[in-house]
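Engineer: Pasting a structure here, questions to come.
The values are calculated or read from the model by the stated rules, or taken from the named source; none is laboratory data. Given the structure is predicted, the values throughout are model-derived calculations rather than measurements. Cβ atoms come from the backbone with ideal geometry, glycine included; neighbour counts cover every protein chain shown. Accessible surface areas use protein heavy atoms only, side chains included; no ligands, DNA or RNA. Shrake-Rupley method; radii C 1.70, N 1.55, O 1.52, S 1.80 Å.
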Amino acid sequence: MSTYRDIQEECCQANIALPGLGLVDLTFGNVSVADPQSGVFAIKPSGVGYDGIKPDQMVVIDYEGNVVEGALRPSSDTPTHRRLFIAFPEVRAIVHTHSREAVGFAQAGRGIPCLGTTHADYFYGEVPVTRPLTPEEIAGAYEWETGNVIVERFKGIDPMQVPAVLVHSHGPFAWGPSGPKAIENALGLEIVAGMARHALQLNPAKPPIPQHLLDKHFFRKHGPSAYYGQSK
């Protein structure tokens, strides 16, 4: 049995969940799950469908970009995932999709404003959008540079308080401390993107919610003073 079976299993189950949640069309999406202590992560193979995918098909990559285990070609987005794991050490799982509501904001080059408490339950403020990549970045190490513009955009932002981003003209990345939580954040992102679109259609001048309401809703679910849900 593989030394990396645990992360391959977690990665496989997270990838399988994507279609049923309406987060992917065709094969437009991938999940990776890391073992930070070993400096490796498992990721979905490139272009492989979700039906019948198996844990041993998940490709294991080290943080230097070398294939450690796996016979298939890893996702073309692997360098972006690798860049984020290196930059955000608390992140254990990353989800990239082309979910339609979030992609709409990414294609518009617009962050998703926090217009209500549903958003505030998951994201501490606006979900940001990156700047466009330059022609040189696109012609070079495109996927690695995609990770770089995300890291650049998160200067001064805690990635565990805003566990998602929109890559300009591309789509969303979401993350979390586990595969299931990263999937939940990706689904939450898609839900609040749809809510924001509807709100802005009804009231284009709608401002973000006030800081005190954002603080209340976010911190009742996150952090040392959280009281939402059942104690563990």
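Engineer: Decide, for region 72-151, between rounded, prolate and oblate: order the square roots of the alpha carbon gyration tensor eigenvalues as a ≥ b ≥ c, take rounded if a/c falls under 1.5, and otherwise choose prolate if a/b is larger than b/c, else oblate.
Structural biologist: Details: a/c = 1.94, a/b = 1.45, b/c = 1.34.
Prolate.
Engineer: Still on this model: For the pair Gln161/Tyr227, report the inter-label distance in nm, with labels modelled 7 Å from Cα in the Cβ direction.
Structural biologist: 2.1
Engineer: So for the chain, taking the charge dipole from beta-carbon charges (+1 Lys/Arg, -1 Asp/Glu), which of Thr78, Val60, Asn30 sits furthest toward the positive end?
Structural biologist: Going by the charge dipole, the pick is Asn30.
Engineer: For the chain, what is the calculated [θ] at 222 nm in deg cm²/dmol (nearest 500), taking -39500 (n - 2.57) for each run of four or more DSSP H residues and dividing by its residue count? Spell out each step's value before the answer.
Structural biologist: Details: 8 runs with 91 residues, N = 232.
Theoretical 222 nm ellipticity from helices: -12000 deg cm²/dmol.
Engineer: Now, a different point. Mind checking Rg over Rh on region 8-117, alpha carbons, Kirkwood formula for Rh? Don't skip to the answer; put the middle values down first.
Structural biologist: Values: Rg = 14.5 Å, Rh = 14.6 Å.
Reported Rg/Rh (Cα atoms, Kirkwood Rh): 0.99.
Engineer: Could I ask something else about it? What does the accessible area of Trp144 come to, in Å² to the nearest 10, when a probe of 1.4 Å is used?
Structural biologist: 70
Engineer: Roughly how much of Val48 is accessible, in Å² to the nearest 10, using a 1.4 Å probe?
Structural biologist: 40
Engineer: Right, something else. Using only the Cα atoms of the chain, each taken as one equal point scatterer with no solvent, compute I(q) by the Debye sum, divide by I(0), and report log10 of the ratio at q = 0.09, 0.12, 0.17 Å⁻¹.
Structural biologist: -0.36, -0.64, -1.24
Engineer: Provide the net charge surrounding Thr27, with neighbours chosen by a C-beta distance below 14 Å and charges set as Lys +1, Arg +1, Asp -1, Glu -1. If you can, show how the numbers build up before the last one.
Structural biologist: On the way: positive: Lys44, Arg73; negative: Asp25, Asp51, Asp77.
Local charge sum for Thr27: -1.
Engineer: Now a separate question. Could you check what % of the DSSP bridge pairs in the chain are antiparallel, to the nearest 5? Kindly include the intermediate steps, with their values, before the conclusion.
Structural biologist: Values: 25 of 26 bridges.
DSSP beta bridges in the chain are roughly 95 percent antiparallel.
Engineer: Can you list the lysines whose alpha carbon is less than 25 Å from that of Lys54, not counting same-chain residues fewer than 8 positions off?
Structural biologist: Hits, sequence-local ones excluded: Lys44, Lys181.
Engineer: Please list Ser38, Ser2 from largest to smallest accessible area, probe radius 1.4 Å, with all protein chains kept in place. Each step should come with its number before you reach the end.
Structural biologist: Details: Ser38 70, Ser2 30 Å².
Solvent-accessible surface, decreasing: Ser38, Ser2.
Engineer: Also, I was wondering about something else. Could you work out the local net charge near Glu184, counting Lys and Arg as +1, Asp and Glu as -1, over the other residues with Cβ closer than 13 Å to its Cβ? If you can, show how the numbers build up before the last one.
Structural biologist: Working: positive: Lys181, Lys221; negative: Asp121, Glu190.
Value of the local net charge: 0.
Engineer: Which order do you get for Tyr142, Tyr227, Tyr50 if you rank them by accessible area with a 1.4 Å probe, largest at the top?
Structural biologist: Working: Tyr142 80, Tyr227 130, Tyr50 15 Å².
Per-residue accessible area, sorted high to low, gives Tyr227, Tyr142, Tyr50.
Engineer: Moving on to the next point. Sort the following peptides by mean Cβ neighbour count (other Cβ atoms within 10 Å, averaged over residues), highest first: 124-137, 87-100, 187-200, 148-161. Could you put the intermediate results ahead of the total?
Structural biologist: Details: 124-137: 16.6, 87-100: 21.6, 187-200: 19.6, 148-161: 14.9.
Final packing ranking: 87-100, 187-200, 124-137, 148-161.
Engineer: Between Ala87 and Glu69, what length in nm is gained on full extension when 0.36 nm per residue of separation is reduced by their alpha carbon distance? Don't skip to the end; give the middle numbers.
Structural biologist: On the way: separation 18, 0.36 × 18 = 6.48 nm, distance 2.30 nm.
The span from Ala87 to Glu69 would gain 4.2 nm if fully extended.
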